[in-house]
Amino acid sequence: MKFFPKKIIAAILALISSLSASAVINSAGGIKKVTRPVAETKTETPQPKKEEPKKVEPAKPQPKKEEPKKEEPKKTEVVKKEEPKKEEPPKVDEEYKRSVGTVAVSEETFKHDKKDVLEIIDELSVIMEERAYKKWVSYIDKESIKYWSTTKNLSKAQNRLPVKGLRIRSLEDYFKFVFIPARRGKNITEIRYESDSYIKAVEITEEDGELIYYYFNKINGEWKLHLPPIED
């Protein structure tokens with residue numbers, strides 16, 4: 001008969017002891033097997049990984065589609081009938097009224113006469129600068145030539161000269177010493193009717209008003225220079 005080593009026997013006894021240790025004595029003295037609960041092995045169920053929410057980028061604003069403009073119905077313009085303008089009476093030129101006064105001369109005639117007279121005065125200005133006596137005589141009416149060719153009338157003019165000592169013995173002297181000094185450089189702008197055939201040419205100044213420098217007679221439709229006589 002074979003004997004087992006002591007170590008083996010001790011191991012077997014320990015096993016038996018461990019199996020019987022689960023029995024306990026109850027209050028009735030009976031024996032009840034109590035099975036020790038075996039420690040449960042927790043099996044961890046792998047939890048699914050939480051997915052982080054994806055960042056949603058804001059949608060880019062889409063360009064607004066331009067809606068076609070609604071065409072407004074065109075307004076029908078009402079064409080107003082133009083009322084016929086009332087014809088206003090022509091305005092009477094102020095200079096014309098001053099010039100004719102109470103003499104019956106049309107405005108057209110006035111304009112024509114004024115133009116002719118002012119042109120003659122311009123020509124006389126050149127003659128005075130040139131001291132052209134013979135040309136000057138051709139502008140004078142016959143009545144004036146006759147009056148100023150007499151010694152008596154020339155003496156009257158001589159006595160009225162501002163410069164004493166000058167002798168006036170002829171019409172040419174009258175032209176040089178009376179006519180030219182009194183009229184040279186004057187600005188004649190208007191005329192005045194004494195009648196429809198006799199007018200005065202005047203200069204208008206602020207200080208002295210109207211100053212008369214020329215007289216004209218209309219003879220056979222032509223204006224001639226008139227040299228008025230000296231009153232006694």
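The values are calculated or read from the model by the stated rules, or taken from the named source; none is laboratory data. On a predicted model such as this, the values are computed, not experimentally measured, just so you know. Backbone-built Cβ (ideal geometry, glycine too); neighbour counts: all protein chains shown. For the accessible areas, the whole protein counts, side chains as well, though only heavy atoms, and no ligand, DNA or RNA atoms are used. Shrake-Rupley method; radii C 1.70, N 1.55, O 1.52, S 1.80 Å.
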Matching residues, the range 180-214, being under 17 Å from residue 124 (Cα atoms) and buried (at least 18 other Cβ atoms within 10 Å of the Cβ): 188, 191, 199, 200, 201, 202, 214
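Residue-by-condition table, conditions (1) under 25 Å from residue 220 (Cβ atoms); (2) not in a helix (DSSP H, G or I):
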residue: 109; (1), (2): yes, no
residue: 127; (1), (2): yes, no
residue: 145; (1), (2): yes, no
residue: 152; (1), (2): no, no
residue: 157; (1), (2): no, no
residue: 169; (1), (2): no, yes
Residue set 174, 215; condition on the phi < 0 side of the Ramachandran plot and in contact with a Pro (Cβ under 6 Å, 6 or more places away or on another chain); output residue 215
Take the residues in the range 190-227 that are touching a residue at least 60 places away in the same chain (Cβ under 8 Å) and part of a loop (DSSP other than H, G, I, E, B), then tell me which one is farthest from residue 158 (Cα to Cα). 196
Matching entry among 85, 97, 80 (being at pLDDT below 65 and either open to solvent by 60 Å² or more (accessible area, probe 1.4 Å) or farther than 24 Å from residue 184 by Cβ (or both)): 80
Can you pull out every residue in the range 129-143 that is farther than 30 Å from residue 196 by Cβ, open to solvent by 70 Å² or more (accessible area, probe 1.4 Å) and assigned to a helix (DSSP H, G or I)? 129, 130, 134
I need a count of the residues in the range 144-179 that are open to solvent by 70 Å² or more (accessible area, probe 1.4 Å) and closer than 19 Å to residue 213 by Cβ. 3
